[in-house]
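Okay, so here's the structure we're looking at.
Readers should treat all values here as calculations from the given coordinates under stated rules, not as data from a laboratory. All of these numbers come straight from a predicted model, not from anything done at the bench. As a convention, Cβ positions derive from the backbone with ideal geometry for all residues, glycine included, and neighbour counts pool all protein chains shown.
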Amino acid sequence: MSGHRIAAITRRLLQGFRRDRRTLALLFVAPLVILGLLGYMLRNSATPAVGVVNEDSGPLGAVVASALDGSTKITTTNIAASDGDAKLKDGSIVAYIVFPSDFTQGAQGGVIAPQVHLEGSQPNAAAQALQALQSALATSASNRPGAVRVQPEVTYLYGGPNLDTLDYFGAAAIGLIVFFLVFVVTIVSFLNERSQGTLERLMASPLRRGEIVIGYMIGFTVLALVQSVEVLLFALYVLNVHNAGNVFLIFGIEALMAITAVNLGIFLSMFARTEFQAVQFIPLVIVPQFLLSGILFPVSSEPTWLQYLSNVLPLTYAVNALRDVMVKGADLTWSSLQLDVGVVAAFVLLFIVAGTATLRRRVG
């Protein structure tokens, strides 16, 4: 075994990386960007907004409301009880807490029983609201003589106490899996078509560029739709993920997401020369959407400038739509669902146009 020959191979490999700026950026810049983004979101995320309705005729409601106002886990705002459900539905608050007129009187009898109304589709935000309330109630109870039992009455607008973590994140997981796998298969396969000369031969034929892109899109989409059916059936009937909506509507959103991934893969394949370069788009395209689309953290809790970025990502709207259907039971009469579906469809058209234009520039 020759150390000189081994050193020569090592040197050749490192010199190849030195000339590949894209790979160097992936190795040394992308990790810092991803970790920095994740750290910034974790440490600078906005606290969930909680409404407070104080109808208590005694002093205890004001005491607990004041304790909630000083909590670092939530941001409180005073609202009317009649506005509570409407604010839950429009997303301006994640919960509202009612201190009824007999709140102080009940505490004198040994029971503190506020009414907690949770939106229900954001388990992390709901947990923060409940933790803040428990802390405020514990502080108030410790200052009162005798034993006091804390017994909040919790109701859910969507979801419920029987739903587990997979029920809440299943909808987002369906969208992410379809988007990720379809994107990877499309970008690598389309790149192979070009590297093997198949695409150039098609370009030399009477076929128009748009016809080529749409033909490839339909071919990849057929496979993507079969995968979408498989993922959906497995999630609903094997994993028993909670679903309060129409299965065909879920599949339609999945299909739009798959077509978006197909066309994005076709478009970005034009900027890669090897399969290794194609795979490098994963941390650039998939990971930021995974972090920013609301899968892990609600978009509303992100710092303002990141919310602007989240709102130009197709996965954000797909995740919103899937959660609206599966967790909230939404249908196409919902204006928010119409918006989400319309934006994803617009991304499909955008990527078709971009893929056709790029095909002309790179191959024509």
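Brief remarks on what is shown
- Bridge orientation summary for the stretch 47-156: considering DSSP beta bridges with both residues in this region, about 20 percent are antiparallel.
- Going from the fewest other Cβ atoms within 10 Å to the most, the residues Glu230, Glu119 appear in the order Glu230, Glu119.
- Volume per residue of the convex hull around the Cα atoms, evaluated for the stretch 244-364, comes out as 114 Å³.
- Ranked for footprinting exposure by Cβ neighbours inside 10 Å, fewest first, Glu254, Glu55 give Glu55, Glu254.
- The residue among Val213, Ala346, Leu176 whose Cα reaches farthest toward the positive pole of the charge dipole of the stretch 165-362, with charges on the beta-carbon of Lys, Arg, Asp and Glu, is Val213.
- Which of Ser335, Ser71, Ser293 has the fewest Cβ neighbours within 10 Å, and the rest in rising order: Ser335, Ser71, Ser293
- Placing +1 on each Lys and Arg Cβ and -1 on each Asp and Glu Cβ, with no other charges, gives the stretch 47-156 a dipole about its Cα centre of roughly 320 debye.
- Rg/Rh (Cα only; Kirkwood hydrodynamic radius) as it applies to the stretch 47-156: 0.95
- Amide H to amide H, with H built 1.01 Å from N, Thr75 comes under 5 Å of Ala49, Val50, counting only residues 5 or more places away or on other chains.
- Between 0 and 90°, nearest 10: helix 3-19 axis offset from the chain longest Cα axis: 70
- Karplus-derived 3J(HN,Hα) values for the stretch 227-238, using 6.51 cos²θ - 1.76 cosθ + 1.60 with θ = phi - 60°, are 4, 4, 4, 4, 4, 5, 5, 5, 5, 7, 10, 9 Hz; glycine and proline are entered as x.
- Each 10 Å bin, from zero up to the one with the longest distance, holds this percent of the alpha carbon pairs of the chain: 5, 20, 24, 20, 14, 9, 5, 2, 1.
- Total formal charge among the other residues, if their Cβ is under 11 angstrom from that of Ala235, Lys/Arg +1 and Asp/Glu -1: -3
- Under 14 Å, Cβ to Cβ, from Ser301 - net charge with Lys/Arg +1 and Asp/Glu -1: 0
- Note on the stretch 238-364: with charges restricted to the Cβ of Lys and Arg (+1) and Asp and Glu (-1), its dipole about the Cα centre is near 460 debye.
- Charge tally around Ala81: other residues with Cβ under 14 Å, Lys/Arg +1 each, Asp/Glu -1 each, net -4.
- Amide H partners (placed H, <5 Å) of Ala95, local residues excluded: Gly51, Glu119
- Principal-axis tilt of helix 123-142 within the chain, Cα atoms, nearest 10 degrees: 20
- Cα-centre dipole for the chain with unit charges at Cβ (Lys and Arg positive, Asp and Glu negative), debye to 20: 2340
- Folded to 0 to 90 degrees: helix 165-195 orientation relative to the chain principal axis, Cα: 10
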